[in-house]
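See structure below.
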Amino acid sequence: MLRSLVGSEMCIRDRYQRRVRETPLPLRMVKSFLVLMAIILKSASGGLVRVAAISVATSEGQPAANWVRGLALAKTALGVGTPGLKNQTGVKLVLLPEAFAVGYPACDAHGENCDLLAVAERRASSPSLRAFQDLSRETNSVLVLGFIEHVSPNKGLNWYGQPVQNGIVVYDGGVEVGVHYKTWVAGCTSPPSKNCRPWRDETRLLVRGAGVEVWNTTAGRFAVYTCSENWPGWNKHQSPPDFVLSPYNCEDSGALNGSRPAATFPCTPGMDLQGCFPQATCDTYSLNAANSRLYGLPSVWADRTGTVYEGSHFIPNLGTAGVTDKLGNVVASSVPGVETILVSNLSW
């Protein structure tokens with residue numbers, strides 16, 4: 001039997017080789033060229049995904065209500081109706097801001113009495129996170145959202161002795177793909193600069209992550225750069241992504257959003273982009289546009305609106321949501337300070 005199979009294989013191979021030899025050389029060259037061109041075109045064709053970036057209007061100090069609000073907005077973005085859950089908008093990927101339900105209302109104006117642990121989620125048992133995971137499964141969507149996590153003490157303790165990290169979780173069809181932990185954090189220098197905010201000094205509040213991963217999902221390959229991680233520039237990811245997601249928890253002034261094209265800022269690849277912008281507060285619009293232009297990557301960003309804690313009081317946060325192409329053009333953006341579900345196509 002073995003001999004028969006081997007003999008049959010040899011006969012098949014001989015017939016194939018005869019056909020190849022009998023095929024005119026120009027025709028074989030044309031066929032090879034067409035196959036090569038198909039491979040090149042496939043690799044260069046990129047991709048397209050419909051995204052929703054949500055600038056959630058949160059109220060700091062009310063995490064339970066903020067979780068409910070964020071979930072309701074995500075359902076709306078996906079067009080979930082009744083009866084039953086169904087993705088009716090064609091949106092495949094939903095991005096919510098960094099730590100959108102909590103913010104940093106955990107310290108007084110002097111950076112004392114800080115307790116982020118009180119509002120941190122245990123990822124494996126959090127009902128709030130489970131609700132988003134279930135929504136991802138029931139709508140076959142990719143949900144990306146920020147939260148403060150109560151982690152194992154083995155990962156380290158913050159300056160106040162608490163095991164907390166700033167996480168961005170990725171759900172794809174109900175499966176937890178992974179969590180990005182904020183690594184490049186914003187904080188006060190010594191001596192403190194004029195922009196020092198002791199009540200949200202991340203160098204003290206957070207246990208840092210270990211870098212920028214690239215996540216493979218059904219919506220594409222993307223890297224997550226959380227808020228202040230966008231300032232050093234998009235050159236920290238571990239492998240090439242298709243696009244970048246930028247969730248922010250930023251005190252955005254809104255004053256410069258869209259007022260100057262990204263090409264006018266004196267930014268260069270590898271430069272800390274903090275030095276490129278003339279304002280003290282966030283300008284997420286220009287920051288993502290500049291990074292996209294410098295690194296050739298399209299992006300989606302989402303910042304919080306609602307209120308933001310200022311150490312002793314709360315002020316309106318003029319955050320935005322938006323999408324950039326790989327040339328640095330902002331193809332869609334929301335009005336500063338207005339809660340928005342921004343739906344757009346993202347191509348690469």
### Message
Using the Cα centre of region 129-229 as the reference point, and only Cβ charges (+1 on K/R, -1 on D/E), how large is the resulting charge dipole? Debye, rounded to the nearest 20.
### Response
400 debye
### Query
Got a number for carbon plus sulfur as a percent of region 42-192's accessible area, 1.4 Å probe?
52 percent
### For region 134-224: rounded, prolate or oblate by the Cα gyration tensor [a/c cutoff 1.5]
prolate
### Message
A 23 angstrom limit on the alpha carbon distance is what I want to check against. Which of 92/155; 75/182; 92/326; 92/236; 155/182 exceed it?
### Response
92/155; 75/182; 92/236
### Message
For residue 307, what accessible surface area do you get with a 1.4 Å probe? Give it in Å², rounded to 10.
### Response
40 Å²
### Message
Sort 169, 68 by heavy-atom solvent-accessible area, probe 1.4 angstrom, most to least.
### Response
68, 169
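The values are calculated or read from the model by the stated rules, or taken from the named source; none is laboratory data. Predicted, not measured: the structure shown is a model, and the values here were computed from it. Please note: Cβ atoms are built from the backbone with ideal geometry, for glycine as well, and neighbour counts cover all protein chains shown. Only protein heavy atoms, including side chains, enter the accessible area calculation; ligands, DNA and RNA are left aside. Shrake-Rupley method; radii C 1.70, N 1.55, O 1.52, S 1.80 Å.
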